[in-house]
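Data block below; observations after.
The values are calculated or read from the model by the stated rules, or taken from the named source; none is laboratory data. In this text, all values refer to a predicted model and were calculated from it rather than measured experimentally. Quick reminder, even Gly has a Cβ in these numbers, built from the backbone with ideal geometry, and neighbours come from all protein chains shown.
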Amino acid sequence: MDEILNQTLGNPIVSTIGMALAGAMVALWVAAAWWAYGDAARRTGNTFAALVVAAWIVASTPLLLVLSLPVYMLVRPQDSAAERRTRGLAAELVDVLEARGVEGCFNCTNAIEPGWHRCPSCTTWLELPCASCAEWSDRTLAICPYCGGEERAEPQAESLEPAAAMAATRHRRDRRQPRAAGLSRQPAPRSGQRRGSTPEGHPLAPVRVG
């Protein structure tokens, strides 16, 4: 039995295969340590922690690599430091936006934009005109920020009838048309007459001599 075993181990093919397997295990061991170092550095953002993880893989030797590597994969952080940093920045941005606050109607809390006089959802007046200078300002202010007046006028919504609004639009459009528009349409020149020349019989037409 021993003689057969010695012959088997002494076979060059068997020894070559054994050395190849040993080399592959060592290469896998080193690669696992390097991968664990990079993964720990990416997930923790701490070089010292990454070195500890790599040392753990190296100390496990190739024989215990099948145990040490799964243990690390179980205890490692589930997300990377960059992902946590991104979530933190997103949370800070949300806090900043909430601190600034999106203006809302004090009556129905629906979103409104700066400069609106009235809430389009509940028709509540958001601003009131000053009784002295007629400037609009927030209705919660005690005085007018423009003139210092303490009295506010009662706001009123003006509306135009459809016919009146169309007539006003037509009147403005007619006033914008140039008066010279009719002068631009001149009759086509006669046969033999150059474009732009003064027709015969016109007071400004040149007089032929002879």
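Pairing each residue of the range 35-61 that is farther than 16 Å from Gln78 by Cα with any residue that is among the polar types (S, T, N, Q) and buried (at least 16 other Cβ atoms within 10 Å of the Cβ), provided the two are 6+ apart or on different chains, yields C-beta distances under 9 Å for Trp56/Ser68; Ile57/Ser68; Ala59/Ser68; Ser60/Ser68; Thr61/Ser68.
The condition of being under 30 Å from Ala22 (Cβ atoms), assigned to a helix (DSSP H, G or I) and of a type in the set (D, E, K, R) holds for only one of Asp95, Asp39, that being Asp39. The set of residues from the range 24-38 being crowded, with 18+ Cβ neighbours inside 10 Å and either of a type in the set (A, V, I, L, M) or within 28 Å of Thr86 (Cα to Cα) (or both) comprises Ala32, Ala33, Ala36, Tyr37.
Pull up the range 115-159, narrow it to residues that are among the aromatic types (Phe, Trp, Tyr) and within 21 Å of Gly104 (Cα to Cα), then point me to the one that is modelled with the lowest pLDDT. If we take residues in the range 115-159 being among the aromatic types (Phe, Trp, Tyr) and within 21 Å of Gly104 (Cα to Cα), then Trp116 is modelled with the lowest pLDDT. Among the residues of the range 115-126, the ones that are in contact with a Phe, Trp or Tyr (Cβ under 8 Å, 6 or more places away or on another chain) and either under 16 Å from Glu150 (Cβ atoms) or surrounded by fewer than 17 Cβ atoms within 10 Å (Cβ to Cβ) (or both) come to 3 in all.
The residues listed here are Val26, Val52, Val14; of these, the one that is part of a helix (DSSP H, G or I) and under 46 Å from the mean Cα position of the chain (by Cα) is Val52.
Residues in the range 57-70 that are outside any loop (DSSP other than H, G, I, E, B) and either more than 41 Å from the chain's Cα centre (by Cα) or crowded, with 16+ Cβ neighbours inside 10 Å (or both): Ile57, Val58, Ala59, Pro62, Leu63, Leu64, Leu65, Val66, Leu67, Ser68, Leu69. Quick check, is Pro77 farther than 30 Å from Thr140 by Cβ, not in a helix (DSSP H, G or I) and not assigned by TED's automatic domain parsing to the domain that holds Trp136? Answer is yes for this residue.
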